[in-house]
Every structure is written in structure tokens, then in C-alpha cells.
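Let me begin by presenting the structure, written as C-alpha cells, before commenting on it.
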Amino acid sequence: MKGKWAAAALLALAAVNAAQAQTYPSRQVTVIVPFAAGGPADISGRIAADIFQRHLGQQFVVENVGGAGGTTGSLRAARATADGTTLVMGHMGTHGAAPALFKGLKYDPAKSFDPIGLAAGTPIVIVAKKGFPAQDLKGFVEVLKARGPAINQAHAGVGSVSHSTGVLFDALTGAKPTLVVYRGTGPALNDLMADQVDFMTDQIVNVAPQIAGGTIKAYAIATDARDASLPNVPTTKEAGLPEFQASAWNALFAPKDTPKEIVASLSAALDKALDDDVTRKRLLELGSDIPGKERRGGPALNTLVKNEIAKWTPVIKAA
Ligand code: MLT
């Protein structure tokens, strides 16, 4: 008899999930961006919210929840009700480097979420205040090494992309700057433009417009090839620091055990949007890499998260 009841209960649950998915989203959805407004996660998060709103026809509202290198907001999402009304825009820091940096991290990037899909790859650029006294990357590193803690390096908290790539950059160059923490690289960029901080390693989507506008300077981009949105910025290889290769990514996650039909409809909407001209133009203008079909969807993101945790753990321990 027990077996029959169990089967009936499972069938009922499946019917409820399927019904939920058919009406999803029936009410406003919150997209948690675990950093301050104006930074790369926020830019990517707002593009994603707009995509879902256009494709799924419901209010998708960004909520900025900063702190602890993005792990505060990510934990909030991991603990949210798994009904599709809360998503999080995670990235290489919160869902890759964080486990190596936070002992006792209260979520597991690979187990506490249902992955929806990769939104954008974001190459890392070495940027400085426009008056920094160096004309190229070699000269920049010489000044960093000569002036040590007199130089201020901005980042968005232990576990953030700007922190993990910044620590890697400092380890490779022997620089020992003073680290200045912000609730996101949006506010950090404001200080860079105001000459209040000297440099940072940040995601291209945040800094491309300011580099193009000449309000900050870029010494190199940490990818194999130059980015079409910044044709005059040399690669680190061209600039004499080939070992500094770093590209981040922003991706969407739902809390674990969100009905799979809901996750599927979010993945499908994201996949469709990454092929539409409006979204592609916007992401490319910001210097993003748009993921190919093989890198999209939940399973590919799940593999990426596991690979990134495995990649960054030894890098951070060594640095
Ligand atoms: C941001 O959105 O502020 C960045 O993603 C922070 C970081 O990870 O460096």
C-alpha cells in the first residue's frame, strides 16, 4: 500500500511542478547581483533580467546584495525558496574561487544551485588611473615594484574576480601594493576615474567604455587575442607578461531543487537571447565573449563551475 501512496505522491508533485512551469513566471522574479550597482556583475545581471522580462513576460528585478566578495548575495540565493522567484548572477569568483578563499563557506557552488546558463565571458583588463606614470605594462610593473605599498590596488572583496585576478597579477609581477576593498568594481571604477585609487584588474564589460573615453588607461588585456571593442589595448603576451592569462564569466543560477521545468524555461530564454541581435550587439559592445551553443545551458555550466573550482584552488593557494 505504501508503494502506491508514494507513487501517487510523486505523480502529484510532478503535476504541481509541471503546472508551476506552465504558469511560470506567475509573479515578479528577483535577480540577486551579489555586488554593488554599476559593476560587471550588475551590468550582466541587468542584461539578463531584461532578457528574461522580454522572453518570459514578467517583471525580473535586480537586487544588489554586496559584501564578502559576492558570497553574501550568493548565499542569500542558495537559501531562497526554490520556486523560480529568486535567481543569482554568479561568476568566476562566487562560483569558482570562493571555496578556496572562504573556509566554512556556507554554500557549495556545485551543489547549492541549479545552473541555468552562462551569460557572458568577460576578459580581464589591467587598468590604471589616467595619470599613472607609466607608458606601457613593463614600465607599469617597474613602478609597482619600486613603490610597493604606496600604490593602491582596488578590488571587490576576497573571492571577487578583481581580487582573485589581482592577487594572481601581484604574485606574477612581484608587486606588493596596498589592497583597497570596495563593494564592487563599479564604485572602484568611480575612484579610479577620480584618481583616488591607482589600478585594478577588472572585467572588460565594466571598463571598456571608460578606456575608449580616455578617463582611465589600460595596459593590457589578459587573453590570447585583442578584444574587438578595445583594438588598441595589447594582450599581456604582446606586452611582456604572457603568463598573466585571466578571463572571468558571469552566469545565472537558481536555488537547488527549483522545478526542472522552470530551470529549463529560463535556460531556453537565455539561449534564445544570446542569438538575438539586440543582446549580441549589447554584449559585444561591452567586450563580452558570447558563449557558443556548446557552452550554454545548465549541464555545461555545471561542468564549468566544477572545473573553475579545481582550477582556482591551487592558483589561490600558491599566490
Ligand atoms: C562587480 O560586479 O563588482 C565585480 O564582479 C566584482 C568582482 O568580482 O571583481
Checklist entry - Check ALA156: other-chain or 5+ apart residues with amide H under 5 Å from its amide H, H built from backbone geometry? => result SER162, HIS163, TYR182
Next on the checklist: So for the chain, averaging the separation of alpha carbon pairs under 8 Å that are six or more residues apart and normalising by length, what relative contact order in percent results?
Outcome noted: 27
Checklist entry - If the cut-off is a Cα-Cα distance under 25 Å, which lysines reach LYS129, setting aside same-chain residues fewer than 8 apart in sequence? => result LYS138, LYS145, LYS176, LYS217, LYS237
Item to check | Candidates PRO231, PRO177, PRO187, ranked by Gaussian network fluctuation over the chain, Cα under 10 Å, top entry | outcome: PRO231
Checklist outcome for this item: By the Cα gyration tensor axes a ≥ b ≥ c (a/c under 1.5 gives rounded; else a/b larger than b/c gives prolate, otherwise oblate), the shape of segment 150-247 is oblate
Next on the checklist: Rounding to the nearest 10 and keeping the result within 0 to 90°, find how far the Cα-based axis of helix 298-318 lies from the longest principal axis of the chain.
Outcome noted: 40
Next on the checklist: Could you give each residue of segment 190-195 its phi-based ³J(HN,Hα) in whole Hz, using Karplus coefficients 6.51, -1.76, 1.60 with θ = phi - 60°, and x for Gly or Pro?
Outcome noted: 4, 5, 5, 5, 9, 6
Checklist entry - For segment 1-142, what relative contact order do you get, as a whole percent, if you take Cα pairs closer than 8 Å and at least 6 residues apart? => result 22
Next on the checklist: Given a 1.4 angstrom probe, what's the average accessible area per residue across segment 89-208, in square angstrom?
Outcome noted: 33
Checklist outcome for this item: With +1 at each Lys and Arg Cβ and -1 at each Asp and Glu Cβ, the charge dipole magnitude of segment 168-217 around its Cα centre, to the nearest 20 debye, comes out at 60
Checklist outcome for this item: 1/(1 + (r/R0)^6) with r = Cβ-Cβ of LYS2 and ARG282, R0 = 51 Å, i.e. FRET efficiency to nearest 0.05, evaluates to 0.40
Item to check | Percent of alpha-carbon pairs separated by more than 17 Å within segment 1-98 | outcome: 58
Item to check | For segment 231-319, with +1 on Lys and Arg beta carbons and -1 on Asp and Glu, the positive-most of GLY298, PRO231, LEU283 along the dipole | outcome: GLY298
Item to check | Helix-only mean residue ellipticity at 222 nm for the chain, each DSSP H run of n ≥ 4 adding -39500 (n - 2.57), per residue, nearest 500 | outcome: -13500 deg cm²/dmol
Checklist outcome for this item: note: the chain, Cα-Cα separations exceeding 26 Å make up a percent value of 45
Item to check | For the chain, size of Cβ-based charge dipole, Lys and Arg +1, Asp and Glu -1, in debye | outcome: 760
Checklist entry - HN-Hα J couplings of segment 5-11 from phi, Karplus 6.51/-1.76/1.60, θ = phi - 60°, integer Hz, Gly and Pro as x? => result 5, 4, 5, 5, 5, 5, 4
Checklist outcome for this item: Helix 260-273 sits off the longest principal axis of the Cα atoms of the chain, rounded to the nearest 10 on a 0 to 90 degree scale, by 50
Checklist outcome for this item: Checking ASP227, ASP191, ASP276 against a Gaussian network model of the chain (alpha-carbon springs below 10 Å), the top fluctuating residue turns out to be ASP276
Checklist entry - Under unit Cβ charges (Lys, Arg +1; Asp, Glu -1), what dipole magnitude, rounded to 20 debye, does segment 1-148 have relative to its Cα centre? => result 320
Next on the checklist: On a straight-distance basis, which lysines could pair with LYS272 in a cross-link, Cα separation under 24 angstrom, same-chain partners fewer than 8 positions away excluded?
Outcome noted: LYS256, LYS260, LYS281, LYS293
Checklist entry - Any idea what angle helix 204-213 forms with the longest principal axis of the chain, computed on alpha-carbon atoms, 0 to 90 degrees, nearest 10? => result 40
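The values are calculated or read from the model by the stated rules, or taken from the named source; none is laboratory data. As the structure is a computational prediction, the values presented were derived from the model and not from experiment. All Cβ positions, glycine included, derive from the backbone under ideal geometry; neighbour counts span all protein chains shown. In case anyone asks, the SASA skips ligands and DNA or RNA and just uses the protein heavy atoms, side chains included. Shrake-Rupley method; radii C 1.70, N 1.55, O 1.52, S 1.80 Å.
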